[in-house]
1. Which trypsin sites (Lys or Arg not before Pro) in the range 25-81 pass both tests, a DSSP loop state and at most 11 other beta-carbon atoms within 10 Å?
2. Determine, for Asp54, Asp20, Asp9, the number of other Cβ atoms within 10 Å of each Cβ, and report the residues in order from fewest to most.
3. What does the charge add up to near Pro42, with Lys and Arg as +1, Asp and Glu as -1, over the other residues with Cβ less than 11 Å from its Cβ?
4. Please arrange Thr60, Thr7 by how many other C-beta atoms lie within 10 Å of their C-beta, fewest to most.
Amino acid sequence: MATVMKTSDARAHFSDVPNDVGVKGERVVLERHGKGLVAIVPVADLELLERLEDEMDLRTAKQAKQAKRGSRVALADLKSELGF
């Protein structure tokens, strides 16, 4: 469970926030006007999130490749689709 903190409180106690996150492994959500704005997480959490995103991208690419197997796309059409 993340600690929720107003951005003004985080500013006032900024030296404590990196220590709580980096050393203690806490997650901190900064709020502005009662709404979550950003999350400060340990580097290990970020690395895990990035690995999961990479795995999802790879899975999506493999599925797209299998769906397109045997079909060809003209280079001009591909460039147009990608905005080149």
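Quick note: the coordinates plus some simple rules give every number you see, no bench work behind them. On a predicted model such as this, the values are computed, not experimentally measured, just so you know. Heads up, the Cβs are rebuilt from the backbone with ideal geometry, glycines too, and the neighbour counts pull from every protein chain shown.
1. On the way: sites: Arg27, Arg32, Lys35, Arg51, Arg59, Lys62, Lys65, Lys68, Arg69, Arg72, Lys79; in loops: Arg27, Arg69, Arg72.
Here the trypsin sites (Lys or Arg not before Pro) that fit, given the DSSP loop and packing criteria, are Arg69, Arg72.
2. Asp54, Asp9, Asp20
3. On the way: positive: Lys24, Arg27; negative: Asp20, Glu26, Asp45, Glu47.
My count for the surroundings of Pro42 gives -2.
4. Numbers: Thr60 10, Thr7 13.
So the residues, fewest neighbours to most, are Thr60, Thr7.
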